[in-house]
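The values are calculated or read from the model by the stated rules, or taken from the named source; none is laboratory data. The structure displayed is predicted, hence computed values, not measured ones. With ideal geometry, Cβ positions are generated from the backbone for all residues, glycine too; neighbour counts draw on all protein chains shown.
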Amino acid sequence: MSHTSPLVSVIVPLFNREAFLPQLFETMAKQRYTHFELILVDDGSTDNSEQWLAQHTLPGGQKVIYVKQENAGPYAARNHGVSLASGEFIAFQDSDDEWPDYHLSEFVEILQQHPDLDLVFGSIQRIQHDSREVVSASNYVQADGKPHPFLTLSTEQRGELFVVSDPALAKTAVTDGLPGSTQCTLFRRKVFDALQFDASFRSTYDRFFGTRVALAGFKIGYVNKTHQIYHIHDQHVSLVAGMTPEKLEKSAQAHIKGYLGLLKDFGHDKSLAKAAKYRLAKYYAYYLAPALQQQHKLKQARQAYTQALWLEKANLRYLKYTLVALCKQLVKD
């Protein structure tokens, strides 16, 4: 790579995000690290995003690449962006979220100082978009106050950096995922020489991409510091923006698809297969089935409970749920 090439390629998928583009340019402009290119992949927007971008530049003079594709989803857009990237390091951002000003500078320094690392991530702070009220200070802490299971893995501490060295990494990645998302991570380009995002997903795949990165044996590091500010607003498809039965069903189906993919690809490993089946059963029983019941889809709910029972045959709770669901269906019929 020539010295004139950007060291970091920042990839942002866009879909009707004109209202958020000023915020995106602001978060890029305030980055202390300036040696980057910004790749904007418009996923078939019908608003005035293209016109807005034609009238604005980054104050640091960074190269901005804009391409438009037919609507194919954010993961297809990310793959497209990677194919255009010239950076040694790859970063992703969503147009409606923010980075702290130190995000790129600190992570570039870490990857340069630790050449054995393939990626590094930080924590996510969630805020209300309009009021900026902090909803969750760190996703490293679970709802019950306990640390995310990933953070309990054995690590090699290098100052503020923690490098995962635990043989239980693969199983923990399957059962609990990585607390970092692609948007609070800096990757070496070689990760994407080996892996791509699954473009058949429209949401949720960040979790499974991170799991696949871990299963592929890439060296992972993290810091206990905020590196992504996630904005909660009505236009989000995620459950963070408000749980409805329809959203819950859609999310559960996406997670089930992801775990079925892991089971297909890693089912030869008994430990990983068991972990994937455990998670599958939970999504069938605790997310999909209740969402279907709330929509009065009783037959489909009973089938979801049956799938959970088939995966975890010794789980008496799943047996109870299946029988209750069957009774409800028979009463309705």
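Below is a table of values for the structure above.
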{"item": "Test set (1) part of a helix (DSSP H, G or I); (2) surrounded by fewer than 20 Cβ atoms within 10 Å (Cβ to Cβ); (3) in contact (Cβ under 8 Å) with a residue 24 or more places away in the chain - Glu109 fails condition number", "result": "(3)"}
{"item": "Within the range 231-278, considering residues that are of a type in the set (Val, Ile, Thr) and part of a helix (DSSP H, G or I), the one modelled with the highest pLDDT", "result": "Ile256"}
{"item": "Failed item in (1) in a helix (DSSP H, G or I); (2) in the same structural domain as Leu151 (by TED's automatic domain parsing), with Gln228 passing the rest", "result": "(1)"}
{"item": "Test result for Lys282, buried (at least 18 other Cβ atoms within 10 Å of the Cβ), within 21 Å of Arg207 (Cβ to Cβ) and basic (Lys, Arg)", "result": "yes"}
{"item": "Filtered residue count, the range 94-139, keeping only those that are at pLDDT 95 or above, among the β-branched types (Val, Ile, Thr) and in contact with a Ser or Thr (Cβ under 9 Å, 6 or more places away or on another chain)", "result": "2"}
{"item": "Verdict on Leu262 being in contact (Cβ under 8 Å) with a residue 60 or more places away in the chain and buried (at least 17 other Cβ atoms within 10 Å of the Cβ)", "result": "yes"}
{"item": "Matching residues, the range 70-96, being more than 17 Å from Tyr205 (Cβ to Cβ) and within 22 Å of the chain's Cα centre (by Cα)", "result": "Ser83, Leu84, Ala85, Gly87, Glu88, Phe89, Ala91, Ser95, Asp96"}
{"item": "Filter pass, Ile90 being at pLDDT 95 or above and assigned to a helix (DSSP H, G or I)", "result": "no"}
